[in-house]
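The values are calculated or read from the model by the stated rules, or taken from the named source; none is laboratory data. Computed from a predicted model, the values in this text were never measured in an experiment. Virtual Cβ from ideal backbone geometry, glycine too; neighbours counted across all protein chains shown. Side chains are part of the model used for accessible areas, which takes the heavy atoms of the whole protein and leaves out ligands, DNA and RNA. Shrake-Rupley method; radii C 1.70, N 1.55, O 1.52, S 1.80 Å.
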Amino acid sequence: MTTPSTSTTDGSPQGETSALKKALTTPLLYFFILGDVLGAGVYVLVGQIAAESGGAVWVPLLLALLLSLLTAASYAELATKYPRAGGASHYTTLAYGPFTGFLAGFCMLAAGIVSVAALARGFAGDYLTAFVSLPVVVVAAVFLCALALLNARGISESTRANVAATVIEVGGLLLIVGLGAWLFLRGDGDPGRLVRLGTADKGAAAGVLGATVLAYYSFVGFETSVNVAEETRDPRRSYPRALFGALVTAGAVYVLVGIVASAAVPTATLARSSGPLLEVVKEAGGVPPKLFSAVALVAVANGALLTGIMSSRLAYGMARDGLLPRFLTRVLPRRRTPWASIAATTALSFLLALTGDVATLASTLVLLLLVVFFLVNTAVLVLRRDRSARPHFRAHTAVPVLGAISCVVLATRVEAAVWTRGLIVIAVGVALGAVAAVNRRRAAS
């Protein structure tokens with residue numbers, strides 16, 4: 001039966017309001033995921049990981065990669081089985097119903113908005129002041145508006161900008177690896193630190209597990225890509241290849257950077273530094289420290305752009321599923337990008353950037369994502385009962401089980417103060433989900 005084509009408030013036919021343009025190829029999707037994973041985290045977290053684990057920084061980085069691959073496999077199965085914007089919200093709605101779907105989507109959406117806010121503040125911080133000093137409110141406003149305009153221009157333009165930014169990010173990290181190799185060749189550094197696990201306060205096992213939570217933060221970002229699966233030309237083939245390829249690439253780079261940083265710089269120096277990779281630059285010499293300030297700014301901007309794309313597509317998908325106001329499904333008539341969702345998520349990020357600090361926002365982000373990842377891993381098992389879906393990638397049953405367990409284990413390592421903040425956000429999601437459920441029942445009656 002043909003659906004009548006009626007006019008909508010955005011000027012496009014009603015039957016086309018949910019038809020996003022299929023523009024992403026496998027290489028573009030690969031760089032999309034790689035750029036989102038290789039964000040600002042790796043430039044600042046190596047020192048904190050060293051403070052938790054001791055000199056063998058590469059161990060928690062490698063363990064975090066393996067744990068990330070477990071949840072990534074669940075996402076690959078669901079994204080190729082149900083390639084729609086909405087991601088975790090859509091999957092958990094199918095598995096558990098609209099209330100849990102709303103909660104998962106709300107946590108994911110809140111995490112994305114919080115992340116963009118934190119990155120906006122990070123962009124206005126020390127890396128920018130190496131070149132110019134401006135008020136945070138001005139920098140955040142201009143920064144977020146520029147990203148929103150690029151997002152609204154189109155997914156192809158945004159991902160092509162991401163390709164260029166990703167090349168710069170990876171180039172900066174590879175430069176660190178090269179400087180470390182130069183240090184070793186000239187006889188500097190201490191490779192013995194690479195096998196030292198544990199600190200004065202923590203044993204080897206506790207130190208590695210605590211450091212893995214921090215290292216895990218460096219890998220999050222891969223989950224954002226499921227929200228553009230609908231805009232991928234051949235998601236069944238492209239998505240798993242791009243996802244696993246990007247994660248393994250990022251993991252290899254991270255492990256190499258961890259090895260170099262730990263061997264080149266004393267562990268205590270790394271732990272004290274807010275810019276640990278700059279310590280490697282100083283030890284090696286020959287590279288201006290401002291170069292890494294510029295690279296870090298690119299990394300922060302690129303991470304914010306990709307997370308902003310995720311947040312707007314997630315809000316769009318949730319609104320299309322009836323979990324958020326229908327207004328958020330409005331798209332630009334020619335560009336076919338969700339302008340209403342982009343505007344709403346950008347405004348919320350700006351407000352958070354004015355009221356929260358980077359450390360608090362980042363810690364809350366990790367907890368919210370662990371809740372989402374647990375729901376996604378278990379949803380894979382529930383949705384195995386659906387035999388009507390298209391051919392798709394399928395993970396071994398043990399993979400989502402281990403993925404769910406890993407989320408619980410990592411959550412036990414999150415500080416109590418962060419849990420308090422996270423539970424407040426979750427409580428807001430529960431309340432809004434209850435309101436949405438009541439409204440749905442009234443509409444159905």
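Taken across the range 318-332, residues that are in contact with a Leu (Cβ under 8 Å, 6 or more places away or on another chain) and without any contact (Cβ under 8 Å) to a residue 24 or more places away in the chain do occur, with at least one present.
Within the range 435-445, the set of residues being free of Cβ contacts under 8 Å to residues at least 60 places away in the same chain, over 29 Å from the mean Cα position of the chain (by Cα) and in a helix (DSSP H, G or I) comprises Val438, Asn439, Arg441, Arg442, Ala443, Ala444. Residue count for the range 276-292 satisfying the condition of being touching an Asp or Glu at 6+ places or on another chain (Cβ under 8 Å) and open to solvent by less than 10 Å² (accessible area, probe 1.4 Å): 0.
Okay, residues lined up against (1) open to solvent by less than 20 Å² (accessible area, probe 1.4 Å); (2) in contact with an Asp or Glu (Cβ under 9 Å, 6 or more places away or on another chain); (3) at pLDDT 80 or above:
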site: Thr269; (1), (2), (3): no, yes, yes
site: Arg313; (1), (2), (3): yes, yes, yes
site: Gly317; (1), (2), (3): yes, yes, no
site: Leu323; (1), (2), (3): yes, no, no
site: Val331; (1), (2), (3): yes, yes, yes
site: Ala343; (1), (2), (3): no, no, yes
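Scanning the range 8-26 for residues that are in a helix (DSSP H, G or I) and either out of contact with any Ser or Thr (no Cβ under 9 Å at 6 or more places or on another chain) or at pLDDT below 55 (or both) yields Gln14, Gly15, Glu16. Where helices (runs of 4 or more DSSP H) fall entirely within the range 256-347, those with at least 2 residues that are among the β-branched types (Val, Ile, Thr) and out of contact with any Gly (no Cβ under 6 Å at 6 or more places or on another chain) are at 276-284, 289-320. Only one entry of Ala353, Ala347, Ala340 meets the criterion of being small (Gly, Ala, Ser) and closer than 17 Å to Gly317 by Cβ, and that entry is Ala340.
Results for (1) among the basic types (Lys, Arg); (2) out of contact with any helix residue (DSSP H, G or I) (no Cβ under 6 Å at 6 or more places or on another chain); (3) over 23 Å from Phe219 (Cβ atoms), shown as yes or no for each residue.
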site: Leu332; (1), (2), (3): no, no, yes
site: Arg335; (1), (2), (3): yes, yes, yes
site: Trp339; (1), (2), (3): no, no, yes
site: Ala343; (1), (2), (3): no, yes, yes
site: Thr355; (1), (2), (3): no, yes, yes
site: Thr360; (1), (2), (3): no, yes, no
site: Thr364; (1), (2), (3): no, no, no
site: Phe374; (1), (2), (3): no, no, no
site: Thr378; (1), (2), (3): no, no, no
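In the range 169-176, the condition of being at pLDDT below 85, surrounded by 14 or more Cβ atoms within 10 Å (Cβ to Cβ) and part of a helix (DSSP H, G or I) is met by at least one residue. Looking only at residues in the range 212-222 that are within 11 Å of the chain's Cα centre (by Cα) and open to solvent by 10 Å² or more (accessible area, probe 1.4 Å), the one that is modelled with the lowest pLDDT is Tyr217. Hey, can you tell me all the residues within the range 177-222 that are among the small types (Gly, Ala, Ser) and not in a loop (DSSP other than H, G, I, E, B)? Of everything in the range 177-222, those that are among the small types (Gly, Ala, Ser) and not in a loop (DSSP other than H, G, I, E, B) turn out to be Gly178, Gly180, Ala181, Gly192, Ala204, Ala205, Ala206, Gly207, Gly210, Ala211, Ala215, Ser218. Screening the candidates Arg160, Arg153, Arg121 for the property of being modelled with pLDDT under 85, crowded, with 18+ Cβ neighbours inside 10 Å and more than 16 Å from the chain's Cα centre (by Cα) yields one hit, Arg121.
Here Leu367, Leu361, Leu383, Leu432 are screened, and the one residue that is over 21 Å from Gly101 (Cα atoms) and in contact (Cβ under 8 Å) with a residue 40 or more places away in the chain is Leu361. Criterion applied to Thr80, Thr93, Thr100 was being part of a helix (DSSP H, G or I) and surrounded by fewer than 21 Cβ atoms within 10 Å (Cβ to Cβ), and the one residue passing it is Thr100. Checked against (1) part of a helix (DSSP H, G or I); (2) out of contact with any helix residue (DSSP H, G or I) (no Cβ under 8 Å at 6 or more places or on another chain), Leu247 meets all criteria but (2).
Please work out which residue is surrounded by the most Cβ atoms within 10 Å (Cβ to Cβ), limiting yourself to the range 390-445 and to residues that are within 22 Å of Leu367 (Cβ to Cβ) and of a type in the set (Ser, Thr, Tyr). Of everything passing the filter in the range 390-445, Ser406 is surrounded by the most Cβ atoms within 10 Å (Cβ to Cβ). Quick check on Pro135: is it open to solvent by 10 Å² or more (accessible area, probe 1.4 Å) and over 19 Å from the mean Cα position of the chain (by Cα)? Yes.
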